[in-house]
Amino acid sequence: MAVTAKAIAQKLGISPAAVSLALRGRPGVSEQTRSRILAAAQEMGYPFESHASPTHSGMIQLVIYKRHGKIFSDTPFFDHLTEGVAEQASKLGFHLSISYFYGNQDPQEQLKSIRSLKSSGIILLATEMRSADIQRFSSLDIPIVVLDNFFPTVNLDSVEIDNHYGAWNAVRYLISCGHIRLGYLHSSVDIRNFSRRYDGYLSACRALPENRAKDAARRIVRVGTTPDAAAKDLRAYLSKDPVLPTAFFADNDSIAAGCFQALQEYGLRIPQDISIIGFDDSSLGRLLSPQLTTMGVNKERMGALAVNRLCERLSQPVPETVCILLRPEIVIRGTVLDHSAPEHPSSAY
């Protein structure tokens, strides 16, 4: 009976994908593991010699798409994503090349540059990308995994945050703390992540009484994505002396941090007078006093999962296309007041 890669994997207690990489002479496993696999294959009589030559360069590209760069310049979120990609690529034995694709430059010249590297596959960080943009990459004929976005119009694997769920859960948490007069600090820059958070916000607000749900849908304040821009836009909103919510959900921590400053300048105490919850669990939120309650996302894990999926595509044919969603978790700190607690009865507001 012929010895299979699965049998070798079972003997060594490792994944069949790792065995397949080693037997084909491909990168993606450490040299120590490769030596163990080849030794076991020889001992078990596996005819691996014919697969020993590498079939590609062992390089993958991280291509960062910048339509306008406003999102990338605003938050450390993307540094963590990149670190996750780089660390996992190194761990699996790949060389990593990082390049940028600019929406306002000649796409054909940029695609030509990507092809010239003759990499095995691409991680496409597509946060600022729109559906029309992804079509350009279909001509590359290279395995691609999309990171931090999803495009139903193309047959590409993707790894992204469950943004709808994250916003929905954040608002549900505010409601569970007794907040029924809600507001939303919504980014003035339109990307899919924020659109999905918008949908999640409205979805959660439907649990409120009808009049409160309508108020929450109207109390959406469009603000810039940097802390300074968000603070400026919220100051303009506050100057109109609106009826404020008891709690705001913010599209991300950068927005929350800027609006935090503007609310304090307006004389409001956080969380005693107004609560706020952010999204991304960035270092900015931990610099505030009190520290920001937020939705935590494992950015490094997202990057690593994208590399793992690309490695799987390179190691063996996979018939299915997958979308991996990471669910954010609430990180409770100090900016949300729990009105349902005995010392803060809901009748107080």
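Of all the residues in segment 182-218, those that are closer than 20 Å to Thr246 by Cα, part of a loop (DSSP other than H, G, I, E, B) and aliphatic (A, V, I, L, M) number 2.
Report whether or not Ile277 is of a type outside the set (Ser, Thr, Tyr), more than 15 Å from the chain's Cα centre (by Cα) and closer than 24 Å to Val243 by Cα. Answer is yes for this residue. If you check every pair at least six apart or on different chains, which have Cβ atoms under 9 Å apart with a residue in segment 214-235 that is over 14 Å from Phe248 (Cβ atoms) first and a residue that is among the β-branched types (Val, Ile, Thr) and assigned to a strand (DSSP E or B) second? Every condition considered, the pairs that remain are Ala229/Val223; Lys232/Val223. The set of residues from segment 223-258 being hydrophobic (A, V, I, L, M, F, W, C), in a helix (DSSP H, G or I) and touching a Phe, Trp or Tyr at 6+ places or on another chain (Cβ under 7 Å) comprises just one member, Leu238. Screening Glu210 with (1) farther than 25 Å from Ala229 by Cα; (2) within 24 Å of the chain's Cα centre (by Cα); (3) open to solvent by 60 Å² or more (accessible area, probe 1.4 Å) gives one miss only, at (2).
Could you please let me know if Val63 is among the aliphatic types (A, V, I, L, M), open to solvent by less than 20 Å² (accessible area, probe 1.4 Å) and either modelled with pLDDT under 80 or more than 30 Å from Ile114 (Cα to Cα) (or both)? Taking the combined requirement at face value, the residue does not satisfy it. Here Lys232 meets each of (1) modelled with pLDDT of 95 or more; (2) open to solvent by less than 50 Å² (accessible area, probe 1.4 Å) with one exception, condition (2).
Filtered by the rule that a residue be surrounded by 18 or more Cβ atoms within 10 Å (Cβ to Cβ) and part of a strand (DSSP E or B), segment 100-123 gives Phe101, Gly121, Ile122, Ile123. Taking the criterion of being over 11 Å from the mean Cα position of the chain (by Cα) and part of a loop (DSSP other than H, G, I, E, B), the residues of segment 151-173 that qualify are Phe151, Pro152, Thr153, Val154, Asn155, Leu156.
Determine, yes or no, whether His179 is modelled with pLDDT of 95 or more and assigned to a loop (DSSP other than H, G, I, E, B). Criteria met by His179.
Of all residues in segment 73-101, those that are over 20 Å from the mean Cα position of the chain (by Cα) and not small (Gly, Ala, Ser) total 4.
Ala207 - would you say it is in contact with a Lys or Arg (Cβ under 9 Å, 6 or more places away or on another chain) and not polar (S, T, N, Q)? Judged against the criteria, Ala207 is a match.
The values are calculated or read from the model by the stated rules, or taken from the named source; none is laboratory data. Treat the numbers as computed from the prediction; the structure is a model and nothing was measured. Here Cβ is always computed from backbone atoms with ideal geometry, including for glycine, and neighbour counts include all displayed protein chains. Surface accessibility is based on the protein's heavy atoms, side chains included, excluding ligands, DNA and RNA. Shrake-Rupley method; radii C 1.70, N 1.55, O 1.52, S 1.80 Å.
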